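Enquirer: Input: one structure, supplied below.
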Amino acid sequence: MSTAVVGRLYESALPLAASQKRSTDLRRVRNLIAERAEELARLTGLPVAEALVSQVLPLADACRFLETQADRILAPQRLPASGRPFWMRDVEIEVRREPFGTVLVIAPSNNHLFLPAVHTLQALVAGNSVMWKPGRGGQPAAEAFAKILDTDRLQVLDENIETADLGADLVVFTGSAETGEKVLSQLADSVTPAVMELSGHDAVFVREDADLDLVVRAIEFGTKLGKGEVCMRPRRVFVHKSVAGELQQRLGGIEVNSVGSDDEALELAAKNPFALGASVFGREPGTTVLARRVRAGAVTVNDLIVPTADPRFPFGGRGRSGFGVTRGAEGLLAMTQIKAIAVRRGRARPHLNVAGANDAELFASYIRAAHGGTLGERWRGLVNFIQAAMRRRKS
């Protein structure tokens, strides 16, 4: 076997070996999360039962998602021949995903484990090193999870550090819009890219055919979850006027905006600059139609907050609620940079030749042949192209 063939086989085996190790490591981490579930839950500062469901369980699910899906998501993609421009018929393009280098994960004070741990896992799986800066009170949880990961590619920083300018190649920030502005200003001089998950001011849309019992239970749950400090906590309610009075009585101190239509509700909601999450309550298909029109990064239908814990769910805000995405396949890809590689086969390189007198006619006729609006235009363009090509060859 030739040296070249051996080399190609070795190179193809490297990703496979890395893939197998990654899967094994993630399985070990997931098993340790299960083994130390109660310990991790206590370190969140939440009631243990709530923390197990809202922090530890979705973290283990996220780990399993990466264990089974990361290789497929991160695999190099060779673009198919279909769709390739004819004049680049001998060019092959490969799109690769490469790590940024070092990712700084800045955690919020209201979520000590789940959010920063998932961001850290995704950054590590993508091949980065990570600096985890815990939020206020989050140091114990960060250090406990770092012990589970047991990798020298993760450094837990002091939670009292107040700057994001630590030389990272990517910053993933979760916190208030005000603090996010300061972080972005610190990163501006170095043009460091960032994913910003900022404040929410989430809206609840209650249509006239909604189950009000469900609405009341969901809103009460959302206002109490995580000591009432969850970023997706419902803060605005837009309810159809036909049921507004009854819902106002049942919700007590929560302000309810009475509206006459979905259009009015959307218009009022759009006046708020924050657009992190929203919920829509009512019967199908009207709820889904409305959900698709809502300006928010994450919308739940006939539920509130919890469905976004699905590890496949990409999460990110709009407007003052930030930009970029975390979690899901999209969140994993956000921890990488794209490298596109074009390989030219064959020997033809006509673009390297000095432009001739007939080249403008040649190029214009090719464009008409390839993109003309009618069959006749394309046919005339093809005829002109062939004639121009023949004249070019003779000259």
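The values are calculated or read from the model by the stated rules, or taken from the named source; none is laboratory data. Here the structure is a predicted model, which means the values were calculated and not measured. Note that we place each Cβ from the backbone using ideal geometry, even for glycine, and neighbour counts take in every protein chain shown. The area values use the complete protein model at the heavy-atom level, side chains included, leaving out ligands, DNA and RNA. Shrake-Rupley method; radii C 1.70, N 1.55, O 1.52, S 1.80 Å.
Quick grid of which residues meet (1) among the acidic types (Asp, Glu); (2) at pLDDT below 95:
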{"site": "Glu255", "(1), (2)": "yes, yes"}
{"site": "Glu267", "(1), (2)": "yes, no"}
{"site": "Lys271", "(1), (2)": "no, no"}
{"site": "Phe274", "(1), (2)": "no, no"}
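Enquirer: Shifting gears a bit: Would you say Asn272 is assigned to a loop (DSSP other than H, G, I, E, B), surrounded by fewer than 22 Cβ atoms within 10 Å (Cβ to Cβ) and not basic (Lys, Arg)? Before you say what the answer is, go through the steps one by one.
Expert: On the way: assigned to a loop (DSSP other than H, G, I, E, B): yes; surrounded by fewer than 22 Cβ atoms within 10 Å (Cβ to Cβ): yes; not basic (Lys, Arg): yes.
Judged against the criteria, Asn272 is a match.
Enquirer: How many residues does the range 282-313 contain that are touching a residue at least 40 places away in the same chain (Cβ under 8 Å) and part of a loop (DSSP other than H, G, I, E, B)?
Expert: Within the range 282-313, residues that are touching a residue at least 40 places away in the same chain (Cβ under 8 Å) and part of a loop (DSSP other than H, G, I, E, B) number 11.
Enquirer: Pairs please, first residue from the range 372-395 and more than 19 Å from Asp359 (Cβ to Cβ), second anywhere and small (Gly, Ala, Ser) and open to solvent by less than 60 Å² (accessible area, probe 1.4 Å), Cβ atoms under 7 Å, 6+ apart in sequence or on different chains.
Expert: Gly372/Gly381; Arg378/Ala369; Arg378/Gly372
Enquirer: Just to check your reading of the model, which residue among Ser199, Ser258, Ser279 is among the small types (Gly, Ala, Ser), free of Cβ contacts under 8 Å to residues at least 24 places away in the same chain and crowded, with 16+ Cβ neighbours inside 10 Å?
Expert: Only one candidate qualifies: Ser258.
Enquirer: Same structure again: How many residues does the range 44-54 contain that are of a type in the set (Gly, Ala, Ser) and open to solvent by 60 Å² or more (accessible area, probe 1.4 Å)?
Expert: The number of residues fulfilling the criteria is 1.
Enquirer: To continue, here is another question. Among the residues of the range 67-90 satisfying the criterion of being surrounded by 11 or more Cβ atoms within 10 Å (Cβ to Cβ) and small (Gly, Ala, Ser), which is nearest to Val125 (Cα to Cα)?
Expert: Looking at the filtered set, the residue picked out is Ala70.
Enquirer: Can you name the condition, by its number, that Gly376 falls short on among (1) assigned to a helix (DSSP H, G or I); (2) open to solvent by 80 Å² or more (accessible area, probe 1.4 Å)?
Expert: Every listed condition holds for Gly376 apart from (2).
Enquirer: So, Val29, is that one under 20 Å from Lys147 (Cβ atoms) and either open to solvent by less than 40 Å² (accessible area, probe 1.4 Å) or of a type in the set (Ser, Thr, Tyr) (or both) or not?
Expert: Yes, satisfied.
Enquirer: Restricting to the range 131-147, and then to whatever is touching a residue at least 40 places away in the same chain (Cβ under 8 Å), under 25 Å from the mean Cα position of the chain (by Cα) and not in a loop (DSSP other than H, G, I, E, B), can you tell me which residue is farthest from Ser23 (Cα to Cα)?
Expert: Ala141
Enquirer: Sticking with this one: Hey, can you tell me all the residues within the range 148-169 that are open to solvent by less than 60 Å² (accessible area, probe 1.4 Å), among the aliphatic types (A, V, I, L, M) and either outside any strand (DSSP E or B) or under 23 Å from Ala275 (Cβ atoms) (or both)?
Expert: Result: Ile148, Leu149, Leu157, Ile161, Ala164, Ala168.
Enquirer: Right, next: List the number of the failed condition for Ile161; all other conditions in (1) under 20 Å from the mean Cα position of the chain (by Cα); (2) under 15 Å from Met131 (Cα atoms) hold.
Expert: Here Ile161 meets the rest and fails (1).
Enquirer: Moving on. Looking only at the range 329-362, count every residue that is over 20 Å from Pro85 (Cβ atoms), of a type in the set (D, E, K, R) and either more than 44 Å from the chain's Cα centre (by Cα) or in a helix (DSSP H, G or I) (or both) and tell me the total.
Expert: Counting residues in the range 329-362 that are over 20 Å from Pro85 (Cβ atoms), of a type in the set (D, E, K, R) and either more than 44 Å from the chain's Cα centre (by Cα) or in a helix (DSSP H, G or I) (or both) gives 1.
Enquirer: What residue, among those in the range 209-253 that are open to solvent by 70 Å² or more (accessible area, probe 1.4 Å) and either basic (Lys, Arg) or touching a Cys at 6+ places or on another chain (Cβ under 8 Å) (or both), is nearest to Pro285 (Cα to Cα)?
Expert: Across the range 209-253, the extreme among qualifying residues is Lys241.
Enquirer: So Ala334 clears everything in (1) open to solvent by less than 40 Å² (accessible area, probe 1.4 Å); (2) among the aliphatic types (A, V, I, L, M); (3) over 30 Å from Asn272 (Cα atoms) except one condition, right? Which one?
Expert: It is condition (3) that Ala334 fails.
Enquirer: Can you pull out the residues in the range 32-43 that are open to solvent by 10 Å² or more (accessible area, probe 1.4 Å) and in contact (Cβ under 8 Å) with a residue 40 or more places away in the chain?
Expert: Passing the criteria: Leu32, Arg36, Glu39, Leu43.
Enquirer: Further question: Would you mind stating whether Val325 is β-branched (Val, Ile, Thr) and either touching a helix residue (DSSP H, G or I) at 6+ places or on another chain (Cβ under 6 Å) or crowded, with 17+ Cβ neighbours inside 10 Å (or both)?
Expert: Spelling it out, Val325 is indeed β-branched (Val, Ile, Thr) and either touching a helix residue (DSSP H, G or I) at 6+ places or on another chain (Cβ under 6 Å) or crowded, with 17+ Cβ neighbours inside 10 Å (or both).
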